[in-house]
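To start, the structure under review is shown below, and the notes come after it.
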Amino acid sequence: MDKTFLYTIGISYGITNEFSIAMQQSFVDIKNIRMGHIGAMGMSMVMEHGDSEGMSDTWFFGKYKGYDKDFVISPLIGLKIPSGDDNEKCDMGNLFESHFQPSSGSFDAGIGLALSKNFGKINFNSNINYILRNENPDNYKVGDSLIINTSIGTGFVDNKLKIIGELNFENSFAHEMDGTAVENTGGNTLYFSP
């Protein structure tokens, strides 16, 4: 594939000063999917299969402010329901494989911990999350993920203007089909956002 676009919208609500809930919905657009095939006379070839796009699955989150003294520690919990599109077809009319569908087709869970600390005008935020993935009805399992995010920022003009730098790291484990690891899946990704 050439690129993947992920458009996300979320809402959150503070039930109390300590506990909040949230919902997140995404739209996925995977551009120019290509796959290798063995053609006539055993020759390897790459075929273009088109784009896959649609609504992704819906996440629900809970966050509890567990400790709030010199810094804030908040446990996080999440549940993903397979509410998205999982019937996208390639240019030849066949269903895309599970890992190219906008929906994973599985119920997944997340658990994590967030940490926040202010140093005068400097704000530090970090969180670590583990996403536990399950098999979908086609016996395909997207790999579990370990995600670590860290940001530092400061405010100007009575805190109405903020400058933030953020590092995002994700370790994705290999996908599985019928309990066997799928080659060339998983890996580490590091992003920096100014």
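The values are calculated or read from the model by the stated rules, or taken from the named source; none is laboratory data. Owing to the predicted nature of the structure, the values given are computational and were not obtained by experimental measurement. With ideal geometry, Cβ positions are generated from the backbone for all residues, glycine too; neighbour counts draw on all protein chains shown. Calculation scope for accessible area: heavy atoms of the full protein, side chains included, ligands and nucleic acids excluded. Shrake-Rupley method; radii C 1.70, N 1.55, O 1.52, S 1.80 Å.
If I compute solvent accessible area with a 1.4 Å probe over the protein chains, what percent of it on segment 118-189 is carbon and sulfur? If you can, show how the numbers build up before the last one.
Values: 2600 of 4680 Å².
Here carbon and sulfur together make up 56 percent of the probe-accessible area.
Starting from the Cα-Cα distance between THR150 and PHE5, subtract it from 0.36 nm times their residue separation and give me the gain in nm to one decimal.
Values: separation 145, 0.36 × 145 = 52.20 nm, distance 2.24 nm.
In short, 50.0 nm is gained.
Computing the accessible area with a 1.4 Å probe over protein heavy atoms, can you report the carbon and sulfur percentage for segment 1-42? Numbers along the way, then the final one.
On the way: 1850 of 3050 Å².
Of the solvent-accessible surface of segment 1-42, carbon and sulfur hold 61 percent.
Estimate the FRET efficiency between LEU79 and ALA40 by the formula 1/(1 + (r/R0)^6), using the beta-carbon distance for r and 30 Å for R0, to the nearest 0.05.
0.05
On average over all directions, what projected area in square nanometres does segment 116-163 have, based on the convex hull of its Cα atoms?
Numbers: hull surface 19.6 nm².
Averaged projected area of segment 116-163's Cα convex hull equals 4.9 nm².
When only the Cβ of Lys, Arg, Asp and Glu is charged (+1, +1, -1, -1), the dipole of the chain relative to its Cα centre reaches about 1000 debye.
When ligands, DNA and RNA are left out and all protein chains stay put, how many square angstrom of accessible area per residue does the chain have with a 1.4 Å probe? Write out the running numbers ahead of the final one.
Details: 12540 Å² over 194 residues.
So the chain comes to 65 Å² accessible per residue, rounded to a whole number.
The listed peptides 127-137, 60-70, ordered by packing as a protection proxy, come out as 127-137, 60-70 (highest mean of other Cβ atoms within 10 Å first).
Taken over the chain, the alpha-carbon convex hull comes to 143 cubic angstrom per residue. Full extension of the segment from SER116 to ASN32, taken as 0.36 nm per residue of separation minus the current Cα-Cα distance, would add 26.2 nm. Within the full protein context, the accessible area of GLU48 is estimated at about 120 Å² for a probe radius of 1.4 Å.
A Förster radius of 25 Å, combined with the Cβ-Cβ distance separating MET55 from LEU167, puts the computed FRET efficiency at roughly 0.30. Among the listed pairs LYS65/LYS121; LYS121/LYS141; LYS65/LYS162; LYS31/LYS121, which are separated by more than 32 Å between their Cα atoms? Distance filter (> 32 Å) returns LYS121/LYS141; LYS31/LYS121.
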